[in-house]
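The values are calculated or read from the model by the stated rules, or taken from the named source; none is laboratory data. A quick note: this is a predicted structure, and the numbers were derived from the prediction, not measured. Cβ placement follows ideal geometry from the backbone for every residue including glycine, while neighbour counts extend to all protein chains displayed.
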Amino acid sequence: MSHWNHRVVKQILNGEDWYSVREVFYNDDGSIYAYTEEPVDISGESIEALKQYAQWVLNCIDKDILVDGEVKFVDPESRPTLGARDMGESPALPSESTLEEGSGQEADTTPAPCP
(Lines give C-alpha, C1' and ligand atoms only; values in the text may rest on other atoms or scores of the structure.)
Protein backbone atom coordinates (compact mmCIF):
# COMPACT_ATOMS: atom_id res chain seq x y z
CA MET A 1 0.00 0.00 0.00
CA SER A 2 1.38 3.40 -0.92
CA HIS A 3 1.78 6.11 1.69
CA TRP A 4 2.57 9.78 2.08
CA ASN A 5 4.26 12.17 4.47
CA HIS A 6 5.56 15.70 4.71
CA ARG A 7 9.01 16.63 3.40
CA VAL A 8 10.96 19.80 2.85
CA VAL A 9 11.45 20.70 -0.82
CA LYS A 10 14.16 23.15 -1.87
CA GLN A 11 13.66 25.36 -4.91
CA ILE A 12 15.63 28.20 -6.45
CA LEU A 13 13.38 31.26 -6.76
CA ASN A 14 14.78 34.52 -8.13
CA GLY A 15 18.28 33.14 -7.62
CA GLU A 16 17.70 32.39 -3.94
CA ASP A 17 17.17 29.10 -2.08
CA TRP A 18 13.55 28.71 -0.98
CA TYR A 19 12.30 25.91 1.28
CA SER A 20 8.73 24.70 1.70
CA VAL A 21 6.93 21.70 3.18
CA ARG A 22 5.04 19.47 0.71
CA GLU A 23 3.03 16.28 0.91
CA VAL A 24 5.11 13.55 -0.75
CA PHE A 25 3.53 10.36 -2.10
CA TYR A 26 5.45 7.06 -2.17
CA ASN A 27 5.17 3.71 -3.92
CA ASP A 28 5.26 0.50 -1.91
CA ASP A 29 9.03 0.28 -2.46
CA GLY A 30 9.59 3.77 -0.99
CA SER A 31 10.21 5.51 -4.31
CA ILE A 32 8.47 8.86 -4.84
CA TYR A 33 5.69 9.12 -7.38
CA ALA A 34 4.55 12.70 -6.69
CA TYR A 35 4.54 15.66 -4.38
CA THR A 36 2.17 18.56 -4.14
CA GLU A 37 2.79 21.56 -6.36
CA GLU A 38 1.94 23.98 -3.57
CA PRO A 39 3.31 23.96 -0.01
CA VAL A 40 1.08 22.65 2.75
CA ASP A 41 -1.27 24.97 4.57
CA ILE A 42 -1.31 24.38 8.31
CA SER A 43 -4.96 24.60 9.25
CA GLY A 44 -7.49 22.43 11.01
CA GLU A 45 -11.02 22.02 12.32
CA SER A 46 -9.88 22.60 15.91
CA ILE A 47 -6.87 23.72 17.89
CA GLU A 48 -6.04 20.06 18.60
CA ALA A 49 -6.22 19.20 14.89
CA LEU A 50 -4.04 22.21 14.12
CA LYS A 51 -1.48 21.09 16.72
CA GLN A 52 -1.43 17.53 15.33
CA TYR A 53 -0.93 18.71 11.75
CA ALA A 54 1.81 21.12 12.82
CA GLN A 55 3.54 18.26 14.68
CA TRP A 56 3.48 16.07 11.56
CA VAL A 57 5.15 18.90 9.66
CA LEU A 58 7.76 19.46 12.39
CA ASN A 59 8.56 15.74 12.50
CA CYS A 60 9.87 15.91 8.93
CA ILE A 61 11.81 19.20 9.05
CA ASP A 62 15.11 17.48 9.90
CA LYS A 63 14.82 14.71 7.30
CA ASP A 64 16.65 14.71 3.96
CA ILE A 65 15.63 17.67 1.81
CA LEU A 66 14.21 17.00 -1.65
CA VAL A 67 15.58 19.30 -4.36
CA ASP A 68 13.02 20.41 -6.94
CA GLY A 69 14.08 19.26 -10.39
CA GLU A 70 16.34 16.50 -9.03
CA VAL A 71 13.68 14.14 -7.67
CA LYS A 72 13.25 11.03 -9.80
CA PHE A 73 9.55 10.21 -9.94
CA VAL A 74 8.53 6.57 -10.36
CA ASP A 75 5.03 5.73 -11.58
CA PRO A 76 2.92 3.80 -9.07
CA GLU A 77 3.01 0.06 -9.76
CA SER A 78 -0.62 -0.96 -9.43
CA ARG A 79 -2.71 2.14 -9.98
CA PRO A 80 -3.34 4.68 -12.74
CA THR A 81 -0.59 7.25 -13.13
CA LEU A 82 -1.21 10.32 -11.00
CA GLY A 83 0.06 13.73 -12.04
CA ALA A 84 3.55 14.26 -10.65
CA ARG A 85 5.38 17.50 -9.90
CA ASP A 86 7.55 17.14 -12.99
CA MET A 87 4.36 17.14 -15.08
CA GLY A 88 3.13 20.31 -13.42
CA GLU A 89 0.16 18.62 -11.77
CA SER A 90 -0.76 17.89 -8.18
CA PRO A 91 -2.02 14.43 -7.25
CA ALA A 92 -5.58 14.10 -6.05
CA LEU A 93 -6.06 12.62 -2.61
CA PRO A 94 -9.13 10.54 -1.87
CA SER A 95 -11.55 12.28 0.40
CA GLU A 96 -14.26 11.01 2.66
CA SER A 97 -16.79 12.32 0.16
CA THR A 98 -15.42 9.95 -2.51
CA LEU A 99 -16.12 6.88 -0.37
CA GLU A 100 -19.48 5.17 -0.66
CA GLU A 101 -21.85 5.78 2.19
CA GLY A 102 -22.31 2.73 4.33
CA SER A 103 -19.23 1.01 2.91
CA GLY A 104 -17.62 0.92 6.34
CA GLN A 105 -14.48 2.49 4.90
CA GLU A 106 -12.90 5.56 6.39
CA ALA A 107 -10.37 7.79 4.70
CA ASP A 108 -6.95 7.47 6.35
CA THR A 109 -5.39 10.92 6.19
CA THR A 110 -2.66 10.22 8.75
CA PRO A 111 0.79 10.54 7.16
CA ALA A 112 3.26 7.69 7.41
CA PRO A 113 6.52 8.22 9.31
CA CYS A 114 9.27 9.95 7.34
CA PRO A 115 11.61 7.51 5.62
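Some observations on this one:
- Those residues of region 14-54 which are under 25 Å from Val71 (Cα atoms), modelled with pLDDT under 95 and over 15 Å from the mean Cα position of the chain (by Cα), in sequence order: Asp29
- A residue that is outside any loop (DSSP other than H, G, I, E, B), touching a residue at least 60 places away in the same chain (Cβ under 8 Å) and hydroxyl-bearing (Ser, Thr, Tyr) occurs nowhere in region 30-52.
- All of Tyr19, Tyr26, Tyr35, Tyr53 fail the test of being among the aromatic types (Phe, Trp, Tyr) and touching a helix residue (DSSP H, G or I) at 6+ places or on another chain (Cβ under 7 Å), apart from Tyr35.
- Residue pairs whose Cβ atoms lie under 6 Å apart, sitting 6 or more positions apart in sequence or on different chains, and linking a residue in region 57-68 that is surrounded by fewer than 12 Cβ atoms within 10 Å (Cβ to Cβ) to a partner that is part of a helix (DSSP H, G or I), do not occur here.
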